[in-house]
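The values are calculated or read from the model by the stated rules, or taken from the named source; none is laboratory data. Since the model is a prediction, treat every value here as computed from it, not as a measurement. We place every Cβ from the backbone using ideal geometry, glycine too, and count neighbours over all the protein chains shown. Side chains included, ligands, DNA and RNA excluded: accessible areas come from the protein's heavy atoms. Shrake-Rupley method; radii C 1.70, N 1.55, O 1.52, S 1.80 Å.
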Amino acid sequence: MNEIIIAPSVLSMDFSKMQEQTKELNESKAKWLHFDVMDGHFVKNLTFGAYILNGFKKTSDLYMDVHLMMTNPMDYIEDFKNAGANQITIHTESFSNDVSKLSEAIKTIHDMGMDAGLTLKPSTAIEPFECLLTEIETFLVMSVEPGFGGQSFMEDQLQKVQWLKKKREEKGLSYRIEIDGGINDKTAIKAIESGCDTLVAGSYVFKNGIKQSIEGLLK
Ligand code: DX5
Ligand code: ZN
């Protein structure tokens with residue numbers, strides 16, 4: 001069983017207080033920082049590129065978990081590597097859900113010395129990607145439609161978490177099961193009970209006091 005990890009999403013950070021909030025994150029029980037990179041095309045929202053990650057890398061030793069919500073993610077992974085990314089998570093839909101293209105992308109991420117994560121939109125079925133479970137370090141289940149923080153938790157996505165937990169046991173694998181979207185003190189319990197060990201939380205963490213909200217999610 002993997003240790004339960006909280007990965008605050010900097011999407012919800014108050015960037016007028018970036019230095020202060022990064023210090024609080026460093027002093028909190030968070031182990032990862034989650035970066036929601038959006039290109040304004042794969043999803044309607046436009047957020048930040050590798051350049052911002054660089055700033056965080058200079059002020060935090062937390063594991064940099066980069067979630068690429070992009071149409072052409074592979075065009076940018078070298079920039080993220082150079083900016084200090086530890087993990088790159090790609091969407092199956094960015095590769096038209098093509099397993100061989102996804103496998104090639106995962107290999108490229110590994111060849112650059114980063115961990116590889118896979119994720120998919122709530123409306124995309126997970127079963128077709130079973131053969132890739134041996135190739136990744138993390139599977140990220142989206143519990144909201146990608147694009148914006150502060151949305152409501154989609155409980156039906158927990159079926160994917162239960163499937164991932166079952167497959168991990170059957171195959172003797174150890175990938176992390178991460179969940180992203182609508183995580184708060186109540187939905188975190190349901191997510192962990194279903195098999196999640198890595199929780200992304202944006203609005204809940206930055207709206208309720210960084211340190212205490214992260215501790216609350218770990219209870
Ligand atoms: C959606 C984003 C959000 C974000 C977390 O594309 O990925 O899920 O990380 O947002 P909250 O925790 O505010 O729902
Ligand atoms: Zn995310």
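Which pairs turn up if I take residues in the range 88-100 that are at positive phi and look for partners that are open to solvent by 40 Å² or more (accessible area, probe 1.4 Å) with beta carbon separation below 7 Å, at least 6 apart in sequence or on another chain?
Taking only residues 6 or more apart or on different chains, the pairs are N97/P128.
Pull up the range 154-173, narrow it to residues that are part of a loop (DSSP other than H, G, I, E, B) and in contact (Cβ under 8 Å) with a residue 12 or more places away in the chain, then point me to the one that is surrounded by the fewest Cβ atoms within 10 Å (Cβ to Cβ).
Step one: filter the range 154-173 for residues part of a loop (DSSP other than H, G, I, E, B), giving 154, 172-173.
If we keep only those that are in contact (Cβ under 8 Å) with a residue 12 or more places away in the chain as well, we get 154, 173.
Working: M154: 16, L173: 13.
Across the range 154-173, the extreme among qualifying residues is L173.
Need pairs with beta-carbon distance below 7 Å; first residue open to solvent by 40 Å² or more (accessible area, probe 1.4 Å) and within the range 194-219, second more than 16 Å from ligand 2 (Cβ to nearest atom) and part of a helix (DSSP H, G or I); sequence gap 6+ or separate chains.
Y204/S213; K211/E24; K211/E27
Being more than 16 Å from ligand 2 (Cβ to nearest atom), in contact with a strand residue (DSSP E or B) (Cβ under 9 Å, 6 or more places away or on another chain) and not in a helix (DSSP H, G or I) is the filter here; which residues of the range 4-30 pass it?
I4, S28, K29
Just a yes or no: is a residue in the range 170-180 over 16 Å from the mean Cα position of the chain (by Cα) and among the basic types (K, R)?
Initially, the range 170-180 is screened for residues over 16 Å from the mean Cα position of the chain (by Cα), giving 170-174.
Now restrict to residues that are among the basic types (K, R): 171.
The answer is yes, given that some residue of the range 170-180 is over 16 Å from the mean Cα position of the chain (by Cα) and among the basic types (K, R).
Are any of the residues in the range 118-133 under 18 Å from I4 (Cα atoms) and not β-branched (V, I, T)? Write out each step before concluding.
Within the range 118-133, the subset under 18 Å from I4 (Cα atoms) is none.
Looking through the range 118-133, none of the residues is under 18 Å from I4 (Cα atoms) and not β-branched (V, I, T).
For every residue, the table says whether it meets (1) more than 12 Å from the chain's Cα centre (by Cα); (2) within 23 Å of L199 (Cβ to Cβ); (3) of a type in the set (A, V, I, L, M, F, W, C).
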position: K101; (1), (2), (3): yes, no, no
position: A105; (1), (2), (3): yes, no, yes
position: M112; (1), (2), (3): yes, no, yes
position: A116; (1), (2), (3): no, yes, yes
position: S123; (1), (2), (3): yes, yes, no
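Hey, among the residues in the range 174-193 that are within 12 Å of ligand 1 (Cβ to nearest atom), β-branched (V, I, T) and not in a helix (DSSP H, G or I), which one's surrounded by the fewest Cβ atoms within 10 Å (Cβ to Cβ)?
Looking at residues that are within 12 Å of ligand 1 (Cβ to nearest atom), β-branched (V, I, T) and not in a helix (DSSP H, G or I), I get I183.
For G150, indicate whether it is within 9 Å of ligand 1 (Cβ to nearest atom) and open to solvent by 60 Å² or more (accessible area, probe 1.4 Å). It would help to see each step written out before you state the result.
Details: within 9 Å of ligand 1 (Cβ to nearest atom): yes; open to solvent by 60 Å² or more (accessible area, probe 1.4 Å): yes.
In short, yes.
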